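In what follows, a single structure is set out as structure tokens and then discussed.
The values are calculated or read from the model by the stated rules, or taken from the named source; none is laboratory data. What you are looking at is a predicted structure, and each value in this text was computed from that prediction instead of being measured. Using ideal geometry, Cβ is built from the backbone for each residue, glycine included, and neighbour counts are taken over all protein chains shown.
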Amino acid sequence: MSMNPFFALAPFVVIAGTAVAVMLGIALKRNFGPAFAMAACGIIASLLTLRMPWRDSPIQAGLLIWLDDYALFYMALLLSAGLAVLGLCYDYFKDREGQHEELPLLLLTALLGALVLVGSSHFASFFIGLELLGISLFALIGYPLNQARSLEAALKYLILSGMSSAFLLMGMALIYAQCGELYFSGIGRYIAGQQDINVTVLSGTLLIVAGLAFKLSLAPFHWWTPDVYEGAPAPITAFIATVSKSAVFVLLLRYFISSGSYSYAPLLNVFSVIAGLSIVGGNLLALLQNNVKRLLAYSSIAHMGYLLVALIAGGSIVVETFAFYLPAYCMTTIGAFGVVSVLSTAQTEADDMACYRGLFWRRPWLAATFTLMLLSLAGIPLTVGFIGKFYILTGASGSRLWGLLLAVIIGSGLGLYYYLRIVVAMSMHGETTATVKPFGRDRASTAILAVLTLLVVWLGVYPSLLMNVIHSITYVIE
């Protein structure tokens, strides 16, 4: 607690400073490579500065940010995921027409918003972080100005994001009007002092949940997801699916534990309905898709439902479940969209199932990587996704959530079917109209996919490496 708050905020300051430096560099001279290199150096430097607050955590960094091991662990995860997406963006955009130097700047501001969300302990930082992330994502989704579907996806995201922000602000206003508190812990003290359920606080919390459910694409707030996933560039879709959703889920868990919202049984019942709809609906709709990006969009809806089951289960295992499942989900999802990104060309996006026909015979390494990522998303043993799914099933059975446990099992079975559809397509012989880029053109993406492949297998076979880190942070938020 003795560390100067300025040094505790070093990871935020470095990312913000890098964004300013990139902006000034663009103003002086437009150059695609140096802009990306500067952004990558800034993210790596921010990762290195995490050691400063980690030694003395927990730290109240200013009035709005609480940095404990829980926050710092997820900040490291988000920065690592952001770095991977930046590498994918470099290879994806380097051969496309137009000027793309602003892209790393937008990624940095989105990443800054995600970091603020993870460390939030107050409604002000909660909303600032969420809006900084959301506005940056709107620009990133519509970044290819020559593609009509990208602009359509960005417009849909902007309108619905504005609606979700209205829900959030109204919920915060109701809670503040009743509790007189904006700090999560202050709200928790107020709820703990009440004998009965306070209808105003419950209504405000439900509105906040509705606003965050949009950001997480949980049913029935998920309708924007397939259109945005399809319209956005493949690396940006990976960023939305991993960094954005992980940051919001981490915030949701902290708010629920800190504010004592677990004591509201009606709220958990609402969550149970949302989780069931997301798991069953997401997997069923994915069965109907021939577009790989839309299929992965519905898959992500189901995965957010799985995580919501862990949140409902609560107990001592919920923090551990989140801390394992989110890194596993980020690795596999970035890997899957990374393959889509590598196969995409300046003329076409590799999102149709036909693009993957015979991929095992054309690009065997890419096909093997994609297969591994899909099997991990399905929760097949010897992958990191299996350990994550095991945590979900353990939490649900330990809390006797039999209905949700059945939904997870059925959803996993459905998921395996549509993931294997892609694997079968990749193994089939036949002609394809897809344009194949020469091997070796995407060096950064190839290196990122190689690292992700190694991690997915290594942590699936030897998960204790990550578990030892997780056990050191579990006590902080319990």
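Counting only residues that are hydrophobic (A, V, I, L, M, F, W, C) and in contact with a strand residue (DSSP E or B) (Cβ under 8 Å, 6 or more places away or on another chain), which one in region 176-227 is nearest to residue 278 (Cα to Cα)? Out of the qualifying residues, it is 184.
Given the structure, is residue 258 surrounded by fewer than 21 Cβ atoms within 10 Å (Cβ to Cβ), touching a strand residue (DSSP E or B) at 6+ places or on another chain (Cβ under 9 Å), among the polar types (S, T, N, Q) and part of a helix (DSSP H, G or I)? Yes, satisfied. Number of residues in region 103-150 that are in contact (Cβ under 8 Å) with a residue 24 or more places away in the chain, part of a helix (DSSP H, G or I), of a type in the set (A, V, I, L, M) and more than 30 Å from residue 60 (Cα to Cα): the value is 4.
So that you can scan it fast, the table gives a plain yes or no per residue for (1) within 19 Å of the chain's Cα centre (by Cα); (2) surrounded by 22 or more Cβ atoms within 10 Å (Cβ to Cβ); (3) outside any helix (DSSP H, G or I):
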residue: 176; (1), (2), (3): no, no, no
residue: 197; (1), (2), (3): no, no, yes
residue: 200; (1), (2), (3): no, no, no
residue: 208; (1), (2), (3): yes, yes, no
residue: 218; (1), (2), (3): yes, yes, yes
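Selection of region 119-136 for residues being among the aliphatic types (A, V, I, L, M) and either surrounded by 24 or more Cβ atoms within 10 Å (Cβ to Cβ) or closer than 17 Å to residue 187 by Cβ (or both) yields 124, 130, 133. Restricting attention to region 8-49, the residues that are surrounded by fewer than 17 Cβ atoms within 10 Å (Cβ to Cβ) and not in a helix (DSSP H, G or I) total 3.
When only residues in region 49-77 that are under 17 Å from residue 254 (Cα atoms) and of a type in the set (Ser, Thr, Tyr) count, which is modelled with the highest pLDDT? By that ranking, first place goes to 74.
Restrict the check to region 365-373 and report whether at least one residue is over 23 Å from residue 283 (Cα atoms) and modelled with pLDDT under 90. So far as region 365-373 goes, no, none of its residues is over 23 Å from residue 283 (Cα atoms) and modelled with pLDDT under 90.
Go through 433, 474 for me and flag whichever is hydroxyl-bearing (Ser, Thr, Tyr), at pLDDT below 95 and not in a helix (DSSP H, G or I). Answer to the check: 433.
To keep it simple, each residue is scored yes or no on (1) farther than 20 Å from residue 419 by Cβ; (2) in contact with an Asp or Glu (Cβ under 8 Å, 6 or more places away or on another chain); (3) modelled with pLDDT under 90.
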{"site": "262", "(1), (2), (3)": "yes, no, yes"}
{"site": "273", "(1), (2), (3)": "yes, no, no"}
{"site": "279", "(1), (2), (3)": "no, no, no"}
{"site": "303", "(1), (2), (3)": "no, no, no"}
{"site": "336", "(1), (2), (3)": "no, no, no"}
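In summary, helices (runs of 4 or more DSSP H) completely within region 270-371 and bearing 1 or more residues that are closer than 30 Å to residue 71 by Cβ and either in contact (Cβ under 8 Å) with a residue 24 or more places away in the chain or among the polar types (S, T, N, Q) (or both) occur at 292-313, 317-343.
Residues checked against (1) of a type in the set (Asp, Glu); (2) more than 30 Å from residue 319 (Cα to Cα); (3) over 19 Å from the mean Cα position of the chain (by Cα):
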{"position": "76", "(1), (2), (3)": "no, no, no"}
{"position": "99", "(1), (2), (3)": "no, yes, yes"}
{"position": "111", "(1), (2), (3)": "no, no, no"}
{"position": "121", "(1), (2), (3)": "no, no, yes"}
{"position": "136", "(1), (2), (3)": "no, no, no"}
